[in-house]
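Here's the structure we're looking at; comments come further down.
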Amino acid sequence: MHSSKPANPDSALLAEQLARVALGDRAAFRRVYELSSAHLFGVALRILNRRDLAEEVLQESFVSVWHKAGDYQASMAAPMTWLISVVRNRALDLVRSAAQRHETALPQDEDGRELDIEDGKGDLLDMLGEATEALSVRGCMDALDAPHRQSLALAYYHGLSHSEVAEQMAAPLGSVKAWVRRGLDRLKRCLEAQA
């Protein structure tokens, strides 16, 4: 179902194919899929951690690419970056909508009947612990230098690979790898100091 073509196709070829897709060229659309689907599936899978949802997001993303290929502007982003943003936005929308449904749903038993809601004191303590931990992580992230913080955010919050982070930050791949590694080390030391 997913192509085993290279993850980083030639940008010029991909941009040319996207321009042809904007004109309704089905063969070009097939070529864009072949060139990018394996990599884009990986992006969706990293965000969603479920193969079935990643496949669904990939399919919806390519429907969107078919309809919106004319919106792609080579002067604004590399073609793969644009395609990744389409997939990432779709995947994050799915995560947000699932979280919202989960937050508003009342607990149910096996038969689908609503359960009585307990006082939730234990849950409150758990939530307080999680909130405190999140604040600690945010404080430690804020203490990092800008390149370390940005590279970690792109890699871990947005699911980008090192090469995608390098492209996004317009920085050498080696520097990005070092920033991620040093950023993680500093983050770990900061969190350990707070514990």
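The values are calculated or read from the model by the stated rules, or taken from the named source; none is laboratory data. As the structure is a computational prediction, the values presented were derived from the model and not from experiment. Quick reminder, even Gly has a Cβ in these numbers, built from the backbone with ideal geometry, and neighbours come from all protein chains shown.
Output yes when any residue across the range 60-77 is in a loop (DSSP other than H, G, I, E, B), at pLDDT 90 or above and over 17 Å from the mean Cα position of the chain (by Cα), and no when none is. Please lay out each step first, then the result.
Kept after step one, since they are in a loop (DSSP other than H, G, I, E, B), are these residues of the range 60-77: 72-77.
Among the residues that remain, those that are also at pLDDT 90 or above are: none.
For the range 60-77, residues in a loop (DSSP other than H, G, I, E, B), at pLDDT 90 or above and over 17 Å from the mean Cα position of the chain (by Cα): absent.
Which ones in the range 149-166 are crowded, with 20+ Cβ neighbours inside 10 Å, in contact with a helix residue (DSSP H, G or I) (Cβ under 6 Å, 6 or more places away or on another chain) and not small (G, A, S)?
Correct list: L152, L154, L160, V165.
Only one of these conditions is not met by D116: (1) modelled with pLDDT of 90 or more; (2) loosely packed, with under 13 Cβ neighbours inside 10 Å. Which number is it?
(1)
Can you tell me which residues in the range 138-189 are outside any helix (DSSP H, G or I) and either modelled with pLDDT of 80 or more or touching an Asp or Glu at 6+ places or on another chain (Cβ under 8 Å) (or both)?
Going residue by residue through the range 138-189, those that are outside any helix (DSSP H, G or I) are 144-145, 158-161, 170-172.
Scanning the range 138-189 gives L144, D145, S161, A170, A171, P172.
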